[in-house]
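Participant: Would you mind keeping the following structure in view while I ask a few things?
The values are calculated or read from the model by the stated rules, or taken from the named source; none is laboratory data. These numbers come from a predicted model, not from an experiment. Note that each Cβ is placed from the backbone with ideal geometry, even for glycine, and that neighbours are counted across all protein chains shown. SASA here: full protein model, heavy atoms, side chains in, ligands and nucleic acids out. Shrake-Rupley method; radii C 1.70, N 1.55, O 1.52, S 1.80 Å.
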Amino acid sequence: ASNLMRPYLIKVAIDDYIHKAAEGTVSVEAAKNGVKTISIFFGILVIFEFVFSFAQTYILHTAGNKIILKMREKIFSHIQKLPITFFDKNTVGRIVTRVINDVDAINEMYTNVLISFIQDIFIMAGIVFAMFKMNKKLTLISLTLVPVMAVVTIKFRKKAREIFDVIRTKLAL
């Protein structure tokens with residue numbers, strides 16, 4: 001909600017105070033007071049957003065580190081139980097690289113990617129809702145670019161995946 005409020009506060013400051021003061025429909029003094037009030041709300045909103053973002057990041061990383069520790073302990077325990085012939089067929093560097101990189105990738109997926117994805121969905125839904133509320137026609141015109149962006153994103157993702165696989169293969173050697 002705070003991500004959506006910041007642009008709205010800027011809109012109110014410009015439309016209701018600065019623009020109207022420039023037109024002469026609101027006195028300059030009233031416009032200054034209105035902008036000051038909105039600036040205070042804006043500052044409080046930024047501080048509020050910082051505190052909750054910090055708390056969220058701290059909680060996610062603490063939980064993620066505990067999960068990663070347990071995963072690494074279980075993997076290490078499993079590796080110790082493997083027969084010696086397994087280590088004859090697989091190089092130690094490859095095993096260590098897979099354990100470290102795969103566990104880190106899982107950690108990254110849950111602590112950053114998944115949470116950011118969920119947040120971004122809510123932010124995008126809020127933005128689209130606000131856009132429809134302000135101007136339906138302009139919103140529909142803007143949304144015509146979504147399919148183009150989706151195609152470009154899918155092509156980029158496929159190419160990035162190929163490059164990532166090459167890098168992972170080279171790291172394992």
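Participant: All but one of (1) open to solvent by 80 Å² or more (accessible area, probe 1.4 Å); (2) polar (S, T, N, Q); (3) within 30 Å of V128 (Cα to Cα) hold for S39, so report the exception by its number.
Facilitator: The single condition S39 does not satisfy is (1).
Participant: While we're looking at this one, here's another question. Name the residue that is nearest to A55 (Cα to Cα), counting only residues in segment 111-131 that are open to solvent by 70 Å² or more (accessible area, probe 1.4 Å) and of a type outside the set (A, V, I, L, M).
Facilitator: Q119
Participant: Scan N107, N101 and give me the residue that is within 25 Å of the chain's Cα centre (by Cα), surrounded by 12 or more Cβ atoms within 10 Å (Cβ to Cβ) and touching a residue at least 60 places away in the same chain (Cβ under 8 Å).
Facilitator: Residue meeting the stated conditions: N101.
Participant: Which numbered condition trips up L145, out of (1) open to solvent by 80 Å² or more (accessible area, probe 1.4 Å); (2) modelled with pLDDT of 85 or more; (3) more than 30 Å from Y8 (Cβ to Cβ)?
Facilitator: L145 satisfies all of (1) open to solvent by 80 Å² or more (accessible area, probe 1.4 Å); (2) modelled with pLDDT of 85 or more; (3) more than 30 Å from Y8 (Cβ to Cβ) except (3).
Participant: Would you confirm whether or not segment 19-27 contains a residue that is under 22 Å from P7 (Cβ atoms), open to solvent by 70 Å² or more (accessible area, probe 1.4 Å), without any contact (Cβ under 8 Å) to a residue 24 or more places away in the chain and polar (S, T, N, Q)?
Facilitator: No: segment 19-27 contains no residue that is under 22 Å from P7 (Cβ atoms), open to solvent by 70 Å² or more (accessible area, probe 1.4 Å), without any contact (Cβ under 8 Å) to a residue 24 or more places away in the chain and polar (S, T, N, Q).
Participant: Identify all residues within segment 149-165 that are open to solvent by 100 Å² or more (accessible area, probe 1.4 Å) and over 23 Å from D102 (Cβ atoms); write none if there are none.
Facilitator: Matches in segment 149-165: M149, K155, F156.
Participant: Just to check your reading of the model, which residue among N65, N33, N3, N90 is on the phi < 0 side of the Ramachandran plot, polar (S, T, N, Q) and modelled with pLDDT of 90 or more?
Facilitator: N33
Participant: Scan segment 28-44 and give yes if some residue there is within 23 Å of P7 (Cα to Cα) and not in a helix (DSSP H, G or I), otherwise no.
Facilitator: No, segment 28-44 contains no residue that is within 23 Å of P7 (Cα to Cα) and not in a helix (DSSP H, G or I).
Participant: Let me ask you something else. Of the conditions (1) of a type outside the set (F, W, Y); (2) at pLDDT below 85; (3) open to solvent by 60 Å² or more (accessible area, probe 1.4 Å), L138 clears all except one; give me its number.
Facilitator: L138 satisfies every listed condition except (2).
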